[in-house]
Structures are given as structure tokens and as C-alpha cells.
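Data block below; observations after.
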Amino acid sequence: MQRMATSVPAPSSAPGAASAAPVFSPLYQQIKALITRALQEGEWKPGDLIPSEAELATRFGVSQGTVRKAIDELAAENLLIRRQGRGTFVSTHHEAQVKFRFLRLVPDAETAQGLRMEREFLECHRVRAPSDVVRALGIRAGDLVLEIRRILRIAGEPVVYEDIYLPAGPFRGLTAERLERNRGPLYAMFESEFGTRMVRAEEKIRAVNASAQEAELLRVPVGQALLSVERLAFSYGDQPIELRRGLYATTHHYYRNELS
């Protein structure tokens, strides 16, 4: 028999207030949380084949339909990938459909979609975390962070200038030389070499004007409008792991997002 969904009492708005109606968690959401916990604890690593729906249904004591619904949501969130006739795998940033999932800059010309992106690392060093980085990453004042500055180019044209902050602990051993040797996406490197997977991100977007230094780096006139994109990326368990501030030159590119 399928287990019933649990309920959690909602907190009262004030002492002595009448009890609110219980908040129910659908059963498939509970199974989704259990599968996510297994991913977080490393039971199945990026690229691994996870057990079949039938095996997971037996493990959790629920129907295959409930497991399927949970997996559907995890696949929609790019945590899992279904492969026809092969099963369901833990997604990885090495996958073509996942590796640039957080980069939304698209060339104006449709024929430019397949152009290769090139990177130039300007700096990579450890610094005491500024107060705003401390707050964003949830670390302690005075903790060290790794600061990376780089330029992204498409067809030789600089289109993004990024300033990236990472907590120093999880990325011990990451150096400028190691970054230069890496040929794949940065998140794929974090995943395979440092055991840190980015599973979701939040962004703040605003328009700014290019300073003299920014204009020189992006080869645009001083004062030209740029798109400022601040991204906070999270690993499993909603652990903030990266603060990234990017300036996008949109002369020949635009920011594209899909809403549902």
C-alpha cells in the first residue's frame, strides 16, 4: 500500500493564535527529497545510472507512478537525465545540454549559434572575503575566498567580463595554471575535480554604464550600456558556493531566458 503524505503544522502568527491548517507535502515531493538527499550524499555521482523506477518504488514503498513523477521534476531541473532505452542518469556539467545552462547570452545572428567560446583568465588569487561576499556565501568574516577574473570571447570578440568568488576550502588547490589547462566548462571542472556540483542559481540583472577599465576590457566606448548579471550558484542542500558578477556587452548579443 502506498504511504500517506505527511503533514507539518504551520507556525502561528502570534502566541495564542488558533492553529492553522496543516501543510501537506505530496508523496512524490517526499520521494523527490529522498532522491535529492541520496545525490547530495554521493550515493550516485554525476554520470552514474540510478536504480530503475521499479527498484526505487520498492526501496521507498511507493508506486512506480509516484517515483516517475519525482524523477520527472528532477529531470526538469537538470539534476537527472533520461536516456531512451538506457535509463536515468545523474546529470553532469559535461553534458552538452547542461554545461552552459546558466549562461544565457545568445548571438543576434542565428548562424553564430555554434561559434566557440574562448576564455582568458586575468587573475586568480586568494583574498579575505569582502563583507558582501561573506553575506552572499554564508561564510565567516575574515574567511579566505578564491577570486577569479576572466573575459569570455565569441569569435574573438569580448562579450563578458566576470568576477567570480568561491569559498577557499572546497577549492583548495585551484590555481591560475590549473584553470588555464582546463578545456571544458568551469562548472564541469568544479564537479569532476573538486566534487562540487552547481544545481541551481539566482540572478539579479540591471543595466549599468561601462567604466573606463570595463570599456577597455570589453572594447566598447566609455559609458556604453552593459548588462550587469550577478549570479549566486548553489550546490545540493541550497548551499551557496559561488558568487559571480558579470558584465555583458550586448551590441551583437542578447540575454535569453525561458519562463514557464
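Here the Kirkwood formula puts the hydrodynamic radius of the range 20-86 at 12.6 Å, using every distinct Cα pair. When a/c is below 1.5 the answer is rounded, else prolate if a/b is larger than b/c, else oblate, so apply that to the range 128-260 with a ≥ b ≥ c taken from the square roots of the Cα gyration tensor eigenvalues. In terms of gyration-tensor shape, prolate.
Coupling constants for the range 130-146 follow from the phi torsions by the Karplus curve (6.51 cos²θ - 1.76 cosθ + 1.60, θ = phi - 60°), and in residue order they are x, 4, 5, 6, 4, 5, 5, 8, x, 9, 8, 4, x, 5, 7, 10, 8 Hz; glycine and proline get x. Each part gets one Cα centre, and for the range 119-141 versus the range 64-93 those centres are 34 Å apart.
Whole-Hz Karplus values for the range 178-187 come out as 5, 5, 5, 6, 5, 9, x, x, 4, 5 Hz, taken residue by residue from phi with 6.51 cos²θ - 1.76 cosθ + 1.60 and θ = phi - 60°; glycine and proline positions read x. The protection proxy used here, the mean number of other Cβ atoms lying within 10 Å of each residue, ranks peptides 74-86, 49-61 as follows, highest first: 49-61, 74-86. Multiplying the residue separation of residue 200 and residue 230 by 0.36 nm and subtracting their alpha-carbon distance yields 9.4 nm.
Peptides 151-157, 237-243 ranked from most to least packed give 237-243, 151-157, packing being the mean of other C-beta atoms within 10 angstrom over each peptide's residues.
Based on the alpha-carbon gyration tensor of the range 175-234 and its eigenvalue square roots a ≥ b ≥ c, which shape applies: rounded if a/c is under 1.5, prolate if not and a/b is larger than b/c, or oblate? Here the range 175-234 falls in the oblate category.
Readers should treat all values here as calculations from the given coordinates under stated rules, not as data from a laboratory. Keep in mind that what you see is a predicted model, and the values were worked out from it rather than measured. All Cβ positions, glycine included, derive from the backbone under ideal geometry; neighbour counts span all protein chains shown.
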